[in-house]
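Undergrad: Input: one structure, supplied below.
Read-outs: derived from the displayed coordinates by stated rules, not from any lab. Please read all numbers here as calculations on a predicted model, not as lab measurements. With ideal geometry, Cβ positions are generated from the backbone for all residues, glycine too; neighbour counts draw on all protein chains shown.
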Amino acid sequence: MAGSGSAHLRPRDEVLLRVEDLVVEFPAGRGRTVRAVSGVSFDLARSETLGIVGESGCGKSSAARALVQLPPPRSGSVRLDGLELTALRGEALRRTRRRLQMIFQDPISSLNPRRRVREIVEEGPRVWDLPGDRVDEVLEAVGLDPRAAAVRRPHEFSGGQCQRISIARALVLDPEVVICDEPVSALDVSVQAQILGLLEDLKERYRLTLVFIAHDLAVVKNVSDRIMVMYLGKVCELAPSAELISAPAHPYTRALIASIPGGGPDLPPAGTLISGEPPSPVDPPSGCRFRTRCPRAGARCASEEPQIRQVGEDHWLACHYPTDSR
Amino acid sequence: MRRRPGPDSQATGVLGRTRPGSRSAAGVLGRMGPGFWAAAGWIALVLLAAVLADVLPLARYDETLAGPPRSGPSAAHPFGTDGLGRDVLSRVVHGARVSLGVGVGAVLLGLGIGAPLGILAGYRRRAADTVIMAVNDVAQAFPALVFALAVVAFAGANLRNVLIVLGVLGVPSWVRLVRGATLTYAEREFVLAARVLGARDRRILWREIVPNVAVPAASYAFIGMAVVVVAEGGLAFLGLSVQAPTPTWGGLINEGRTLLETAPHVVLAPSLVMFLTVLSFNLVGDRLRALTDVRESGLEPVREAGAAPLPSAPHEVRAGCLLQAEDLRTHLVTPRGVVRAVDGVSFTLERGRTLAVVGESGSGKSMLIRSILGLLPGSSVRGGHVYLSGDDLTARTPAEMRSVLGPRLGTVFQDPMTALNPVRTIGTQVTEPLRVHLRMGRRQARAEAARLLASVGIPDPERMLRRYPHQLSGGMRQRVTIAMALSCGPDVLFADEPTTALDVTVQDQVLRLLHRLREERDMAMVLVSHDLSLVARWADEVIVMYAGKVVERGPAAEVFARPRMPYTEALLRAAPRLSDPVHHRLSVIPGRPPDLADLPPGCAFQPRCPYAEDRCAREAPPLTGSYACWYPLDEVVVEGADSRGR
Ligand SMILES: Nc1ncnc2c1ncn2[C@@H]1O[C@H](COP(=O)(O)OP(=O)(O)OP(=O)(O)O)[C@@H](O)[C@H]1O
Ligand code: SF4
Ligand code: SF4
Ligand SMILES: [Mg+2]
C-alpha cells in the first residue's frame, strides 16, 4: 500500500466517526479497475472539522460517498459512534441516515428543479414522519426567507442561495456529522465568504462535526481544525491546519502550497518541487504513488510503500524521505 | 474541480445569474409563441369535434345521397360529398374518432408499458438495465410495419387490434426515452441527497424522478401521436384498419383515390386535416421539449437585435499603441430587456505586458474579450472601438476579422475540450492554422507543429500529433490549445480563465509557461481570471470589472496593495489566504451582484457598499484616474489580511 496505515487514529471512545482502511474501486471497463481510494483512514472527534484536500481525481468525493454508503466501499470500516455502517444494509442502514448528512458541489444539480424550495427542505421530516417545525428555523438560520421558499423553485435563486438551501436540507434532520464535498467551489469569492461564514455559525449553533472537502487549500485552512492531504487515493499528511501550512513535511504538500500564487513564501518555486501530471488511478505507481512526480524519490520509494508515522505532536506523515522543515 | 461559467457559457453567466423574480411554468408557456398556440388550438378543435361528433349538427356519416354525389364544397356540405353522396365533413369528423382514438390510445398503451420499464432500467441499472435493454434492442430491430401488417391481417382488422399493435410497437421507443431521461436525473446530486436523507426508492422515484421525466415524456407523447396517426393512415389505406362503413382518415383517402380526377376534394379534405393534425402534434411536441431546455439552463432565448450600433464618444487613436479599446460596449437584447454586459470599457496595452481582467462571474469579463475579438452572439449590439496598432477592428466584417484572429490575436479558453475537435487528431488541428494562415505545406506544417508542442513543454511531440484530445490529460490539452493559439505568432494572446479547470499544481506550470512565452515572443497578454492571488502574481496591470464597467485600474501591485474603490477592497478581503489564521472570519460583501438588465441608479455597487452616501444612489461615478468612486478609500498602505482601507 502507499501512504497507508492507521497509526494516526485516536482511541475509539474519543471519536465520533472513525474510518479505517477505506477502499473504493470502480470498474473501468475491459476488466480494469479505477483505484479511487486505497486504504485511507481518518477519524473525527465530536465538534471537530476535518479538511480533506487533494487534486481532482484523488478520491476525495469517492471517500465522502463511501462514508454515507452510496455506494458502500469495497472494503474497510466506517464507524459512527461505534456503529459499523458498512455492515448495515437496507432498513437498518436507512435508519442511520438522519445522523449523517451531505452537501454537494454543484448548487444547481443538487436541487430538484421541479420542487418548491420549502418542499425540498421539508423532505427530511416527511421521510421520517417528523413534525416540520424545524423547517422555518433552519431556513432562517441559513438566511432564507421562509415565505419566499414556500412559493419559489430553485431556478429562481442564485448559486449561493441554492447552496444555502442544500445546507438547510442537510441540517433540518439535526445530523451529527455533515460531509461537505466542495461546497464552495462553484461559487464566487464574495458568495464563498458568505457560505464559509454561515458554515462556521451553523457549526457552533448546532454543534456539528464536519468533513470539509475542497481542492483549495486556503479555503480548507479557513474552516478546518485538522487537514488531511490526499494524493491518488492515498493519505500523504495529516496535521493541525496551521501547522500543516507553516511546516509541511510531505513533498506533495509542499508542492501544493508552493503552487498557490503567493502561497509558500519560504518554499522553493513549485517548479522544483513537482513535475509532470498525475498518473492514472487505473494503473497507479508501485510503492509511493507520488514517486513519478517527486523530486526526492529514491529506489526505496518504488519498492516499498511508506506507512503513516508520527513526526510531531498530532502531525502524521507517509513518506520515506520527508523534509524537515522545522 | 472548480466549475465556473466557461467562455462559451459566459453569456449564460451574464443572463442566468440575474434571475427574474419568478419564472413560473405559466410565464414560460406564455412565451411559447403563436405557432404553439395555433397548433394546440387545432388539436383541441379536432379532439372536440371527434368527441362531440354525434351531437354536432352534421349529416350522418353513412347517410348516402345526403347531397348530390361528387359535389364540391357548398354551404350545406362545406367539404362537399363523396361518390355515394355522403357528407365529407361528417366523415372526416367521425374519422377523427378512429384516427385520434388510435393515436391517443396507442400512445397511452406504449407509455403504460414502456415508462415503468424505462424507469426501472434507468434507476436500477445493473442486471435490470442489461436485460431490459437487450430485449428492447431486439424489439427495435424488428421490421415493425411488416409485423403490424401481419398481426392485423391475422387477428382481424378492428379498432382494438390496430390500437394494440400500434401501441406495442411504440413500447421500445418509450423504454429508450424514459430510460435516458431517468438516467440523466438519477445521476443528479439531488437524487443522492434524497437517499442521504433516508428516502425509500419508491418515494425517490415519485418525488424526484417522475416529475422531471414527465416533461420530456409529454413532449414525446405528442410526437408519438403524430407517428401513430400516420401509421394508422397507412394501415387504413391498405384496408387493414377499422373496416367500412366506419370512416377513418386513411380509409377516406383510400376511398377517394378513384375520384381523384373528378372530385379531388374527397381526397384533399381528409388529407389536409390529417396533415394539419400531424404537423400540430409535432410542433407542440417540439415546443414542449424546448420548455425543458429553457428551465434546465436558466438561459432565455435571445432575440434578434434590430438596433443600430451604439454611438461612441470622440477619442484619440494612439498609433504607437498595440491594443487600444475605447468606450467598448456590448448590450444583449433579451426578452427581459437590454443586458449591459460590457458598458464603456477603455484600456491600452503595450507589447511585453500582461493586462488582467478580474471580477466576479457575470461581471462581463468574457463578454469583453468576445467584444474585442468580434465573436458575439447574434442578439448583441456593440459600440465603441478596438484598435490593433491603430487599425480599427470594429470596422471590420466578420470575414475580415478572420485574417486577424489567429495571425495577430490568439485565444486560450477555460475548457480546452471546447477548443479542440474531439474527432480529429492533435496533429490535424495544430497544423491547420499553419496551413491556412501561413500557407505551409504538409510536411513543413507538421515539423512546425512538433516544434510548437515541444515549446509548450509537451514530451514526445511527434507521438502526440497522432493522438486524439480525449487521450490527453486536462493540463496537456490546455498546452495544446496554447500551442495552437501561438502557432501563427500572434501579437496579443487572450487567455480567458486558462487554468481554472486545471489542478493547482498544473495551474502553476501552465501560467509559468504562458509567462515565459509572452517574454520570448514579445507578445502582450490579456489574462481573465476571478482569482485575485493569481492575478497579483502574474499581471502587470489590472482592470477590475463590476456590472460591465471598469471600477478600478492600474498596476497590479498598486491596485492590490492600495485599493481605492470599495468593491476592490471588498473582493480582496473576501478571498481566503493561506497566511490568514485558522477560523479567520472573512469579511462578507452583503447582497449579490446587480441584475445587468435592471441596474440600480447611480453607482452599481451602491446597494452593497458600506461607504455609500446619498450621492452614490443619484449619480454614477465616472472612471477618473484609476477608480470610479465618489468616496474612495484613503491611500493607506494595506498589507495582507489587514487591508482595512479607511
Ligand atoms: N462512478 C464512477 N465510475 C468510475 N470511475 C469513477 C466514478 N466516480 C469516480 N471515479 C473515478 O475515481 C477517481 C476519484 O474520483 P473522485 O470523484 O473521488 O475525485 P475528486 O478528488 O473528488 O475529484 P474532483 O476534485 O474532480 O471532484 C477518479 O479517477 C474518477 O474518475
Ligand atoms: S520521497 Fe519517496 S516516499 Fe516520499 S513522497 Fe517522494 S516518492 Fe513518496
Ligand atoms: S461611489 Fe459610493 S457606492 Fe459606489 S463604491 Fe464609491 S462609495 Fe461606494
Ligand atoms: Mg470531487
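Undergrad: Given the options A:ALA214, A:ALA87, A:ALA141, which has the most mean-square fluctuation in a GNM of chain A, springs set between C-alpha atoms less than 10 angstrom apart?
TA: Greatest mean-square fluctuation among the candidates belongs to A:ALA87.
Undergrad: Roughly what would the spin-label model give for B:ARG318 and B:LEU238, points 7 Å off Cα along C-beta, in nm?
TA: The two pseudo-label positions are separated by 7.8 nm.
Undergrad: Would you please classify the overall shape of the range A:1-113 from the alpha carbon gyration tensor, given that a ≥ b ≥ c denote the square roots of the eigenvalues, rounded means a/c under 1.5, and beyond that prolate means a/b larger than b/c while oblate covers the rest?
TA: Rounded, since a/c falls under 1.5.
Undergrad: Report the percentage of all Cα-Cα pairs in the range B:425-482 whose separation exceeds 15 Å, rounded to a whole percent.
TA: Taking all Cα-Cα pairs of the range B:425-482, the fraction more than 15 Å apart is 39 percent.
Undergrad: Taking 8 Å as the Cα distance limit and 6 or more residues as the minimum spacing, I'd like the relative contact order of chain B as a percentage.
TA: The normalised contact order for chain B reaches 13 percent.
Undergrad: Cut-off is 10 Å between beta-carbons; in what order do B:SER173, A:SER303, A:SER38, A:SER280 appear when sorted fewest neighbours first?
TA: Fewest to most other Cβ atoms nearby, the residues stand as A:SER303, A:SER280, B:SER173, A:SER38.
Undergrad: Apply the Karplus parameterisation 6.51 cos²θ - 1.76 cosθ + 1.60, with θ equal to phi minus 60°, to every residue of the range B:243-257 and state each ³J(HN,Hα) to the nearest whole Hz, in sequence, with x for glycine and proline.
TA: Going residue by residue, I get 7, 4, x, 4, x, 9, 4, x, x, 4, 5, 4, 5, x, 3 Hz, with x marking Gly and Pro.
Undergrad: Turning to a different aspect of this structure: Could you give me the ³J(HN,Hα) list for the range B:398-408, computed from phi with Karplus coefficients 6.51, -1.76, 1.60 and θ = phi - 60°, whole Hz, x at Gly and Pro?
TA: Calculated HN-Hα couplings, in order: x, 5, 6, 5, 4, 7, 9, 5, x, x, 10 Hz.
Undergrad: Place a point 7 Å from the Cα of A:ARG296 along the Cα-to-Cβ direction; which residues of the range A:41-68 have their backbone N under 13 Å from it?
TA: Residues passing the 13 Å test: none.
Undergrad: With contacts defined as alpha carbon pairs under 8 Å and 6 or more residues apart, what's the relative contact order of the range B:132-262 in percent?
TA: RCO, the range B:132-262: 27 percent.
Undergrad: Would you mind getting the Kirkwood hydrodynamic radius of the protein assembly as shown from its Cα pairs, rounded to one decimal in Å?
TA: Answer for the protein assembly as shown: a Kirkwood hydrodynamic radius of 31.9 Å.
Undergrad: What ranking of A:GLU313, A:GLU200, B:GLU400 emerges when the number of other C-beta atoms within 10 Å of each C-beta is taken as an exposure proxy, fewest first?
TA: Ordered from fewest to most neighbouring Cβ atoms within 10 Å, A:GLU313, A:GLU200, B:GLU400 come out as A:GLU313, B:GLU400, A:GLU200.
Undergrad: Taking R0 as 35 Å, what's the FRET efficiency between B:LEU48 and A:ALA148 from their Cβ-Cβ distance, rounded to 0.05?
TA: According to the calculation, E is roughly 0.30.
Undergrad: Given labels modelled 7 Å from the Cα in the Cβ direction, how far is it in nm from A:ASP174 to A:ARG95?
TA: My value for the distance between the label points is 1.8 nm.
Undergrad: Sticking with this structure for a sec: Using θ = phi - 60° and the Karplus relation 6.51 cos²θ - 1.76 cosθ + 1.60, list the HN-Hα couplings for the range B:379-391 in order, rounded to whole Hz, with x at every Gly or Pro.
TA: Result, rounded to whole Hz: 8, 10, 10, 10, x, x, 9, 10, 10, 10, 6, x, 9.
Undergrad: Subtract the Cα-Cα distance of B:ASP522 and B:LEU276 from 0.36 nm times their separation in residues, and report this length gain in nm to one decimal.
TA: Between B:ASP522 and B:LEU276, full extension yields an extra 82.1 nm.
Undergrad: Can you list the residues, at least 5 places off or on another chain, whose amide H is less than 5 Å from the amide H of A:VAL24, using H built in the peptide plane?
TA: It is A:ALA36, A:VAL37, A:SER38, A:GLY39, A:ARG74, by chain and number.
Undergrad: Another question, then. Taking the Cα centre of the range B:425-482 as the origin and placing charges on Cβ (Lys, Arg +1; Asp, Glu -1), which of B:THR428, B:HIS470, B:GLY457 is farthest toward the positive end of the dipole?
TA: Farthest along the dipole direction, towards plus: B:THR428.
Undergrad: Further question on the same structure: Across the residues of A:173-183, average count of Cβ atoms on other protein chains within 10 Å?
TA: Mean number of neighbouring Cβ atoms from other chains: 1.
Undergrad: Given the convex hull of the Cα atoms of chain B, what is a quarter of its surface area in nm²?
TA: 39.5 nm²
Undergrad: Which of the peptides B:616-622, B:547-553, A:156-162 is most tightly packed, and how do the rest follow, judged by the mean count of other Cβ atoms within 10 Å per residue?
TA: Per-residue mean Cβ counts within 10 Å order the peptides as B:547-553, A:156-162, B:616-622.
Undergrad: Oh, and also: How crowded by other chains is A:252-263, given as the mean number of beta carbons from other chains within 10 Å of each beta carbon?
TA: For peptide A:252-263, the averaged partner shielding equals 5.
Undergrad: Another question, then. From the helices alone, meaning DSSP H stretches of at least four residues, give me the mean residue ellipticity at 222 nm for chain A, per-run term -39500 (n - 2.57), in deg cm²/dmol to the nearest 500.
TA: Value at 222 nm, helices only, nearest 500: -8500 deg cm²/dmol.
Undergrad: Go through A:LEU171, A:ALA87, A:ILE257 and say which Cα lies farthest out towards the positive end of the charge dipole of chain A; charges sit on Cβ, +1 for Lys and Arg, -1 for Asp and Glu.
TA: Comparing the listed Cα positions along the dipole, A:ALA87 ranks first.
Undergrad: Still on this structure, I have one more. Non-local amide H neighbours of A:GLY51 (under 5 Å, H modeled in plane, Pro and chain starts lacking H): which ones?
TA: Those lying under 5 Å, H to H, from A:GLY51 are A:PHE212, A:ASP225, A:ARG226, A:ILE227, A:MET228.
Undergrad: Among A:LEU130, A:LEU100, A:LEU67, determine the one that fluctuates most according to a GNM of chain A built with springs between C-alpha atoms less than 10 Å apart.
TA: Result for chain A, Cα springs under 10 Å: A:LEU130 fluctuates most.
Undergrad: Using a simple charge model, +1 on the beta-carbon of Lys and Arg, -1 on the beta-carbon of Asp and Glu, nothing else, what dipole does chain B show about its Cα centre, in debye to the nearest 20?
TA: For chain B, the charge dipole is close to 1220 debye.
Undergrad: Here's a follow-up. Name the long-range amide H neighbours of B:ASP343: under 5 Å, sequence gap of 5 or more, or other chain; modelled H, no Pro or chain starts.
TA: B:THR330, B:LYS549
Undergrad: Next up: Using a Gaussian network model on chain A with a 10 Å cutoff between Cα atoms, which of A:GLU176, A:GLU140, A:GLU55 fluctuates the most?
TA: It is A:GLU140.
Undergrad: When only C-alpha pairs under 8 Å and at least 6 residues apart count, what is the relative contact order of chain A, in percent?
TA: Reported relative contact order: 23 percent.
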